Amino acid sequence: MLETGSTMVCNPPFEGMNPKNFRVLCRPNEFIVVLFYKRAFSNFSASKVPVLINNTQVFFPCGEAMFKCACAAYFKNWDIFEKVFKSNTPLEAKNATKEIPNFKPKEWDSVSYHVMVEVQKWKSCDTEVFYSLQSIHDLAVKNQVEIENVIFMESTSNDNLWGTGIDTDDMAIIIEQSNTDDILSGSIYTPAENLLGLAITSVFQEMTGKTHEAYMSEVSMTSTLFALCEI
């Protein structure tokens with residue numbers, strides 16, 4: 001099952017981005033905010049990186065499939081794991097874990113952010129994603145913005161857990177009118193949590209200054225994505 005791959009089709013993450021779904025805001029010497037939704041950096045965007053599971057290379061076509069397979073593995077439900085893995089769309093993968101009979105929300109919530117960070121590490125090994133993140137790093141250097149002052153936000157009103165609870169256009173206005181401390185602290189979107197954005201921010205800070213080859217090797221050797229789930 002793990003060797004056959006999935007038929008899931010996802011759009012490339014950085015081609016022809018609509019400004020309503022992707023925007024980079026920079027205040028030189030202060031901050032860079034990357035607003036994204038749907039394709040750019042989204043878990044629904046394509047990922048062409050093989051994840052190592054028990055020394056086997058497994059291709060998950062997008063981050064959502066990785067994340068939801070990890071959820072199924074955590075609860076030891078291999079029927080749902082296979083259903084997610086063979087999903088035809090990211091949305092189908094997202095919805096599949098709703099069928100886990102022994103799902104415990106509080107237990108999953110206690111580990112889900114860590115799992116998401118691990119998913120983003122693997123996603124960032126994708127050549128296109130890696131060099132797109134690198135371009136944000138280059139922009140920070142050019143504008144003398146400290147790496148810790150670069151933050152990613154999934155700007156959508158559809159999600160106030162993994163996203164900001166605010167759409168891109170409105171979030172851009174809020175950022176332009178806010179001071180740097182409030183932006184970097186996340187208070188501008190509280191009580192939303194922006195957990196996906198924070199996971200990408202964490203990975204971005206970890207990968208800066210490394211070559212693609214070195215970063216891929218590091219992730220392969222240190223990943224706990226499925227070790228956490230005791231697959």
Per-residue HN-Hα couplings for the stretch 171-187, Karplus 6.51 cos²θ - 1.76 cosθ + 1.60 at θ = phi - 60°, whole Hz, x for Gly and Pro? 5, 4, 5, 4, 5, 4, 9, 9, 7, 4, 4, 5, 5, 6, 7, x, 5
Scan around ALA46 for amide H atoms under 5 Å from its own, H built in the peptide plane at 1.01 Å from N, and keep only partners 5 or more places away or cross-chain. ASN11
Given the options PHE31, PHE60, VAL9, identify the residue whose Cα lies farthest towards the positive end of the charge dipole of the stretch 1-92 (+1 on Cβ of Lys, Arg; -1 on Cβ of Asp, Glu). PHE31
Rounded to whole angstrom, the alpha-carbon centroid of the stretch 85-129 lies from that of the stretch 169-224 at a distance of 18
For the chain, share of DSSP beta bridges that run antiparallel, in % to the nearest 5: 70
Per-residue Cβ neighbour rank within 10 angstrom, fewest leading, ASP79, ASP126: ASP79, ASP126
Given a cut-off of under 8 Å on Cα pairs at least six residues apart, what relative contact order in percent is computed for the chain? 24
Sequence-distant residues sharing a close amide H with ILE53 (under 5 Å, placed H): VAL58
Under the rule of at least 5 residues apart or a separate chain, name every residue whose amide H is placed under 5 Å from the amide H of VAL150. ILE32
Quick check on the exposure proxy: order THR127, THR156 from fewest to most C-beta atoms within 10 angstrom. THR127, THR156
Using the Karplus curve 6.51 cos²θ - 1.76 cosθ + 1.60 with θ = phi - 60°, work out ³J(HN,Hα) for each residue of the stretch 109-115 in order, rounded to whole Hz, and write x for Gly and Pro. 4, 6, 10, 5, 5, 4, 4
Most fluctuating of PHE60, PHE14, PHE41 in the GNM of the chain (C-alpha, under 10 Å) is PHE14
Under the rule of -39500 (n - 2.57) per DSSP H run of 4 or more residues, summed and divided by the residues of the chain, what mean residue ellipticity at 222 nm is obtained, to the nearest 500 deg cm²/dmol? -13500 deg cm²/dmol
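Roughly how many debye, to the nearest 20, is the charge dipole of the stretch 1-158 about its Cα centre, given +1 on each Lys and Arg Cβ, -1 on each Asp and Glu Cβ, and no other charges? Don't skip to the end; give the middle numbers.
Values: 17 positive and 17 negative charges, 65 e Å.
That gives a dipole near 320 debye.
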Going residue by residue through the stretch 140-157, the Karplus relation 6.51 cos²θ - 1.76 cosθ + 1.60 with θ = phi - 60° gives ³J(HN,Hα) values, rounded to whole Hz and with x marking Gly or Pro, of 5, 4, 4, 9, 6, 9, 4, 4, 6, 9, 9, 9, 9, 9, 7, 8, 8, 7
Could you pull out the GluC sites (Glu not before Pro) across the stretch 58-152 that fall in loop regions by DSSP (anything but H, G, I, E, B) with no more than 14 other Cβ atoms inside 10 Å? GLU146
Find the lysine pairs in the stretch 90-175 meeting two conditions, Cα atoms under 28 Å apart and a separation of 8 or more places or different chains, and report how many there are. 13
Charge tally for neighbours of LYS98 with beta carbon under 13 Å away, counting Lys, Arg as +1 and Asp, Glu as -1, is +1
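Bear in mind these aren't lab numbers, they're just calculated from the coordinates by the rules spelled out. Please read all numbers here as calculations on a predicted model, not as lab measurements. Quick reminder, even Gly has a Cβ in these numbers, built from the backbone with ideal geometry, and neighbours come from all protein chains shown.
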